[in-house]
Amino acid sequence: MSRAQRIAFGVMLAFFLLAPLVLYPVFLMKVMCFALFACAFNLLIGFGGLLSFGHAMFLGTAGYVSAHAAKVWGCPPELAILLGTLSAAALGLVTGLLAIRRQGIYFAMITLALSQMIYFYCLQAPFTHGEDGIQSVPRGTLFGFIDLSNIWAMYATVLVVFVAGFLLIYRAIHSPFGQVLKSIRENEARAISLGYDTTRYKFLAFVLSAALAGLAGATKAIVFQLASLTDVHWTMSGEVVLITLLGGMGTIFGPVAGALVIITMENYLAQLGAWVTVAQGVIFVICVLAFRRGIVGEIAHFLKKPL
Amino acid sequence: MTEIFGIPTQALFGQLLIGLINGSFYALLSLGLAVIFGLLNIINFTHGAQYMLGAFCAYLLLNKTGVGYWWSLLLAPLIVGALGMLIERLMLKRLYKLDHLYGLLLTFGLALVIQGVFRNEYGTSGQPYAMPAELAGGRNLGFMFLPNYRAWVIATSVAVCLGTWFVIEKTKLGSYLRAATENPALVQAFGINVPRMITLTYGFGAALAAFAGVMAAPIYQVNPQMGADLIIVVFAVVVIGGMGSIMGSIVTGFSLGIIEGLTKVFYPEASNTVIFVIMAIVLAVRPAGLFGAQK
Amino acid sequence: MSVLKMAAAVALALGAVSAQAQVSDGVVKIGVLNDMSSLYADVGGPGSVVAAKMAVEDYIKATKSKLKVEILSADHQNKPDVGSQIARQWFDVDHVDAIVDIPNSGVALAVSAVAREKGKANLNTGAASSDLTGKACSPNTVHWLYDTWMLAHGTGSAIVKTGGDTWFFLTSDYAFGHALERDTSEVVKANGGKVLGAVRHPINTQDFSSFLLQAQASKAKVIGLANAGADTTNSIKQAAEFGIVKGGQSLAGLLVFLSDVHALGLQTAQGLIFTETFYWDLNDQTRAWSKRFAAANGGKYPTMDHAGVYAVILHYLKAVEAIKSDDGTKAVAEMKKLPTDDPLFGKGTIRADGRKIHPAYLFEVKKPSESKGAYDYYKLRATIPADQAFRPLKDGGCELVK
């Protein structure tokens, strides 16, 4: 990591280690889950140049599988989360095969269509309990001895998952694989002419992004002890786009900053009802018109170093 | 009475007619989107909100100024079209040099703002809008009871769709528009005011959305959410038809209405999903859509 | 927010040993959690907060109580995770003692679980799921207003008894719709009627013409609308368009609120039959209260949810006063011990499973010519006595019932 990035990583880690002493830990866990989700999404758009408008399907499906595994099959949390993540990866494999050959707007539209199909399936499938969702998911004991109903144990677990996911994405981006991905984003024709099988790289990025989004969803289901339709609805896909755009597409830390801002806004403005949607819309508009680099992007631009 | 697949023929014809009527509504709705994407390469996510604005315009015109349905059909599109032109001038214009996805994101944000503001003001139960007296009632066709208003919907949709298609594909104005999309610099060099044409086109697309909104007001609840879920279905129609093709959207709109209508008879639970299944299949096989040309 | 001073004498006198029998932090905090911005905003929404504040003011004025009560509110946006998170935060951080309203069964079940975990009071008026006093019952939950069983049995049996013995259902294709359809079908058949068919439509359908056509073709006397919200209002509006009621069939709404009828207008909604447990024009007491409510609520008359919020808070405060503590589990237990008596629902009780018992009413929407003004929408067709209106105690499968 460059020096600026190491400092930023340190700041982020310090924040998540110290903040629960002051802020409500459940709120922070929500931020971390969404930050991971947005980081996974950012892998695809920021570094792969592919706008997926259906990422909610990975978050939500993993959430349902994880919740079902923990509640109905009695799996311990680590197994439930693993199953959730694998299910999202499998879904990513299938949808990726369908979607990856298309570019730009067609790619966005096909991911939207597939995500709508998943939504309607989840609405009807008996195991999801439709509108009620899967409720009262037990937190369980991690590895057989850590009781996750203790808030600090749960927090530590989520923190470890988040940091691990974050570092995995960092590694993926700063590897030969990541370099090829970036080159595909810049100029796909050129990458092809250099002999790279661009479809395969994009496909791998897609599945990785799906799996990590699934990890976020599966963890979230255990933290909140429920899985609901909100997580597979297309507005959730829109929300992760907003978070990433605000934070800074194509930056490493952008999605985390974006998640912090948006989740805080949703939480503390919940009293104001529909104004939250208006505020989100206004942020979208401002970001697209005047603030395209996003929060971290602007900071990085100012420092003239990548963040 | 003969039966096809367990449904009496008479009932089936009734359902097919309903499907056709719904299809005409989808075609009318997708027309505005297709025009804007086909000519301007912008994904107009605000389309759903503009549809809702059209319906609310009709409601407000009636309740605040006493202006009835027939005048609203003219006034609401003009008002919303003007607003659309304002959006284009002030905001969309700055994004043309960038990736098209920014246009999508901007219009998505605008849709959230418009819907949120109206939701705060009007709540979500909806506002009553009475059927215009001239179109109330219906006639018994033997195999079903057809409300007059539904007949009006299909007639108007067909007229507006064909009219728009004609203007864009067969008139000089339309050819300027199409040329301007392909090569704006060259067309501008010929002395045609390309930016103004683009603004007018966006306004026209928004006006079409509003027109559909006024048509919807007497039969669907006028509420701020009315465009939100509909927009996704309309996208599917446009994408299947081919994002650049006007005729594609029209034909797909009608066809999807019929397919959806049949699904509602044989497997109603899936009637919402069938459009997306078709969209996924079409995109996998023919990414440019049925009538589209890949750009 | 009206904040009244409380004499600390009560708490101090009891001393440290009985510290539990104190109102926590000296304030009874009640949180109104509902949908402020979408589907149910007009059914509950900000109006519920108005009702809650009225309840606190009226209680303190009537009993000259020294209790200090605070009202909070938040929008759960119909999302179970948002609702459960707000509940957790309220209970853990803001020391809220009771949560009220909570429409949307998904959110209601989530909040019920959280309240049980934290030992706080869950006073639900807005949700429909009969599981709240059945499989998912809890010693911390009171389900005040209505549930799917009551709706199904009330509307179903009353209509069959008045001649509507053949039914066709328009059902929303999700758990709530299925439950309504199943419960109502059972009642219809048990009362000697027949179910001629049903069609399941996806939730949030805009166009019902195809389904209504099937309903017409069935020639059933009654078309049951096993759906809610925009689906119900859209089906009713389009049914009017297709001349269903004029053609001789009647529409039975299985979940309809005053705000829905207001949104439809009498021209469209006339003749609709459904069951509710409160209407502003039932008697002098409800009329007086509703006029006061409307004055505080921008002229909008109360739905049954608003009335429920008012009544349940009155009863909760009575219980808190009686046991001198706002511990959730104890307060709910006391609420079940004390008989209820309020100007809106009259006299009633709360059963062991948390179910509040009161009479239900079968209403029919007036024709425009029969209405004397805004909100004068219903005529009373039948009253279902309290002991028949709700599911028998033993049938719910609630673990609290031995």
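No lab work stands behind these numbers, since they all come straight from the coordinates. In this text, all values refer to a predicted model and were calculated from it rather than measured experimentally. Because the Cβ atoms are built from the backbone with ideal geometry, glycine has one as well, and the counts that use them run over all protein chains shown.
Some values worked out for this structure:
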{"quantity": "Residue C:283-residue B:82 pseudo-label distance in nm [points 7 Å out on the Cα-to-Cβ vector]", "calculated": "5.6"}
{"quantity": "Förster radius 30 Å - calculated FRET efficiency between residue B:134 and residue B:13, Cβ distance, rounded to 0.05", "calculated": "0.65"}
{"quantity": "Shape category assigned to segment A:102-179 from the gyration tensor of Cα positions, a/c cut at 1.5", "calculated": "oblate"}
{"quantity": "Ascending count of other beta-carbon atoms within 10 Å, so fewest first, for A:305, B:264", "calculated": "A:305, B:264"}
{"quantity": "Residue C:369-residue C:182 FRET efficiency (beta carbon distance; Förster radius 56 Å; 0.05 resolution)", "calculated": "0.90"}
{"quantity": "Computed [θ] at 222 nm, helices only, for the protein assembly as shown once each DSSP H run of length n ≥ 4 contributes -39500 (n - 2.57)", "calculated": "-19000 deg cm²/dmol"}
{"quantity": "Residues of segment B:102-133 with amide N under 18 Å of a point placed 7 Å along Cα→Cβ from residue C:267", "calculated": "B:126-133"}
{"quantity": "Gaussian network model of chain A, springs between alpha carbon atoms under 10 Å - residue of A:120, A:53, A:224 with greatest fluctuation", "calculated": "A:120"}
{"quantity": "Chain A: translational diffusion in µm²/s, Stokes-Einstein, Kirkwood Rh over Cα pairs, 25 °C, 0.890 mPa s", "calculated": "126"}
{"quantity": "Proximal lysines relative to residue C:347, as straight alpha-carbon distance under 21 Å, when same-chain residues fewer than 8 apart are discounted", "calculated": "C:61, C:318, C:336, C:337, C:356"}
{"quantity": "Two-decimal Rg to Rh for segment C:90-190 - Kirkwood Rh, Cα set", "calculated": "1.10"}
{"quantity": "Segment residue C:190-residue C:329, length gained on full extension (0.36 nm per residue, minus Cα span)", "calculated": "46.2 nm"}
{"quantity": "Charge dipole (segment C:260-358, unit charges on Cβ, about Cα centre) - positive-most of C:262, C:357, C:296", "calculated": "C:357"}
{"quantity": "Residue C:92-residue A:189 FRET efficiency (beta carbon distance; Förster radius 45 Å; 0.05 resolution)", "calculated": "0.20"}
{"quantity": "Charge-dipole axis of the protein assembly as shown as Lys and Arg at +1 and Asp and Glu at -1 on Cβ define it, positive-most pick from B:54, A:12, B:23", "calculated": "A:12"}
{"quantity": "Antiparallel content of DSSP bridges confined to the protein assembly as shown, in %, to 5", "calculated": "40"}
{"quantity": "Where only C-alpha atoms are counted, convex hull volume of segment B:1-148 per residue in Å³", "calculated": "163"}
{"quantity": "Geometric extent, Cα atoms of chain B - Rg, Dmax (angstrom)", "calculated": "19.5, 67"}
{"quantity": "GNM result for chain B, Cα springs below 10 Å: residue of B:75, B:31, B:101 fluctuating most strongly", "calculated": "B:101"}
{"quantity": "Kyte-Doolittle mean at least -1.0, axial Cα span of 24 Å or more - DSSP H helices of chain A", "calculated": "A:25-42, A:77-99, A:104-124, A:151-173, A:198-224"}
{"quantity": "Neighbour-count order for C:212, B:106, C:123, C:282, fewest beta carbons within 10 angstrom listed first", "calculated": "C:282, C:212, B:106, C:123"}
{"quantity": "For chain A, size of Cβ-based charge dipole, Lys and Arg +1, Asp and Glu -1, in debye", "calculated": "940"}
{"quantity": "Global geometry of chain C, whether rounded, prolate or oblate, following the gyration tensor of its Cα atoms and the 1.5 cut on a/c", "calculated": "prolate"}
{"quantity": "Zone of residue A:182's modelled label, taken as backbone nitrogen in segment A:30-44 under 14 Å from a point 7 Å along Cα→Cβ", "calculated": "A:43"}
{"quantity": "Gyration tensor verdict on the protein assembly as shown (Cα atoms; rounded if a/c is under 1.5, prolate if a/b is larger than b/c, oblate otherwise)", "calculated": "oblate"}
{"quantity": "Zone of residue C:62's modelled label, taken as backbone nitrogen in segment C:327-344 under 19 Å from a point 7 Å along Cα→Cβ", "calculated": "C:332, C:334-344"}
{"quantity": "Electrostatic dipole magnitude of the protein assembly as shown [Cβ: Lys, Arg +1; Asp, Glu -1; Cα centre; debye, to 20]", "calculated": "1320"}
{"quantity": "Ranked A:83, A:245, criterion: other C-beta atoms within 10 Å, fewest first", "calculated": "A:83, A:245"}
{"quantity": "Alpha-carbon centroid distance for the pair segment C:160-178 / segment A:145-186, whole angstrom", "calculated": "50"}
{"quantity": "Net charge of Cβ neighbours under 12 Å - reference residue A:153; Lys, Arg +1; Asp, Glu -1", "calculated": "0"}
{"quantity": "Charge sum, other residues only, whose C-beta stays under 15 Å from residue B:192's C-beta, Lys/Arg counted +1 and Asp/Glu -1", "calculated": "+2"}
{"quantity": "Residue of C:169, C:278, C:208 that the Gaussian network model of chain C assigns the largest fluctuation, springs spanning Cα pairs under 10 Å", "calculated": "C:208"}
{"quantity": "Separation between Cα centres of segment B:169-234 and segment C:138-156, rounded to whole Å", "calculated": "50"}
{"quantity": "Using alpha-carbon coordinates, inclination of helix B:172-182 to the longest axis of chain B, degrees", "calculated": "70"}
